[in-house]
């Protein structure tokens, strides 16, 4: 009993140390959404957890629907909003999320009776540089991953119905747009058990779905939140199928060939080795062996599905593809080592340690490179504070790129902005305004004239200055010089708008009325 307690304390300490090391290995912020999430949590902290208005995204369906996709996650972040100016809160929250994700993965492996679960957690951390980097993001996706893996383990081991109810609740309460993921994993796991002629408890799906429904209802404007989830998950698929050239976050695109080579070959090699080990152990047929076989095939099949999703649709699925792929590999090794001599076990452990070293050589190097290119803690701080001091509350600040929204909101909640989170929310709000925005700044080419369609005739082209003043009601325009150099230099030369603030990286122009 004492040894088990010491092992638990040691394991928790190690996971905490890894989480802190990953998060504080750089002062930079891994993802610009982290600024937004803590800013929204701060709004709840200051205005109450039932405050549903969101006027900060003036040209987004989020403003009209008054709903929050990440409501539970933002409540979770509230305590971190009281730490310093918020930057340290982002970092500490990120470390806590990383720890909870890794602890959840460890619990899953232990529940599945995998040999050396802590070793496999370490392999997961260094398995792929992009997964390693995503582990440090202060976003709800890692928690959703942990919930999906826990659901998988409970389906395979006969978890209690109440556990499925609770997991369903948190999956949709934290992140409604990914609330379907644990249900999808549970359904696939049950189907695989059915094909293997194992007992299936379909009622668990009902409890999972019921918990998810409760999680949806436990928020302000649940129908609005469902509508936002539909836009972000379903409508965006139809947009892609129609080849509409909408701007997407990189994680919603398939990986580039270079990214594929950085993240995938070693995992495929591990899975190929797992198949060989499974074949060598196929004759084992006691109850424990049957359990590991079920785990292996269920994890391998679902991992394979998400491998296809990752490579063909959206790279954000790397996490679950690799997570369940490693569960399959761990199950194959556990099956192979059943009733093995100590010498074989020691050799296998030695090989796993070598695998960790090889994976680390690839992942840690690229992880450092990613961190160097991440967002500095003071991203858009100087211009945001200038706007806060020199503009009127409620004046609209037009930001040239949607990913600037989070930092602007983080530093300055006095002004309103254009759109944030995903560009698809502005597209769903007003398509012509989306295209006018797109051509003005996303392409950095329509600094004098823009257009409200994908293709316009000469008669349909509009003056950019009038669009900013009349259509967007903007009082200021924020430009990052590296992103919009043509617009910046053209406006300076032609004196389109007066330049009212400038530093080495950014500029703010004052939108003058048509009468001026």
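The values are calculated or read from the model by the stated rules, or taken from the named source; none is laboratory data. Predicted, not measured: the structure shown is a model, and the values here were computed from it. No Cβ is skipped: glycine too gets one built from the backbone with ideal geometry, and neighbour counts run over all protein chains shown.
For residue 268, which of the numbered conditions (1) modelled with pLDDT of 90 or more; (2) exposed (fewer than 15 other Cβ atoms within 10 Å of the Cβ); (3) more than 22 Å from residue 188 (Cβ to Cβ) fails to hold?
The failed condition is (3).
Out of all the residues in region 315-330, is one or more within 30 Å of residue 505 (Cβ to Cβ), crowded, with 21+ Cβ neighbours inside 10 Å and in contact with a helix residue (DSSP H, G or I) (Cβ under 7 Å, 6 or more places away or on another chain)?
Yes, region 315-330 contains a residue that is within 30 Å of residue 505 (Cβ to Cβ), crowded, with 21+ Cβ neighbours inside 10 Å and in contact with a helix residue (DSSP H, G or I) (Cβ under 7 Å, 6 or more places away or on another chain).
Take residue 467 and tell me if it is surrounded by 15 or more Cβ atoms within 10 Å (Cβ to Cβ), assigned to a helix (DSSP H, G or I) and modelled with pLDDT of 90 or more.
For residue 467, the condition - surrounded by 15 or more Cβ atoms within 10 Å (Cβ to Cβ), assigned to a helix (DSSP H, G or I) and modelled with pLDDT of 90 or more - is met.
Residue under question is residue 359, and the condition is that it be under 21 Å from residue 145 (Cβ atoms) and outside any loop (DSSP other than H, G, I, E, B); does it hold? Show your work before the answer.
Numbers: under 21 Å from residue 145 (Cβ atoms): yes; outside any loop (DSSP other than H, G, I, E, B): yes.
Judged against the criteria, residue 359 is a match.
Looking only at region 429-452, decide whether some residue is exposed (fewer than 15 other Cβ atoms within 10 Å of the Cβ), at pLDDT 90 or above and either farther than 30 Å from residue 232 by Cβ or in contact with a helix residue (DSSP H, G or I) (Cβ under 9 Å, 6 or more places away or on another chain) (or both).
yes
Please work out which one of (1) at pLDDT below 90; (2) crowded, with 17+ Cβ neighbours inside 10 Å is the condition residue 243 fails and give its number.
The one condition residue 243 does not meet is (2).
Counting only residues that are farther than 22 Å from residue 327 by Cβ and under 18 Å from the mean Cα position of the chain (by Cα), give me the helices (runs of 4 or more DSSP H) lying completely in region 139-217 with at least 1 of them.
Working: elements: 141-157, 161-174, 180-195, 203-217.
Answer list for region 139-217: 161-174.
Could you go through region 319-330 and let me know if any residue there is more than 23 Å from residue 183 (Cβ to Cβ) and over 29 Å from the mean Cα position of the chain (by Cα).
no
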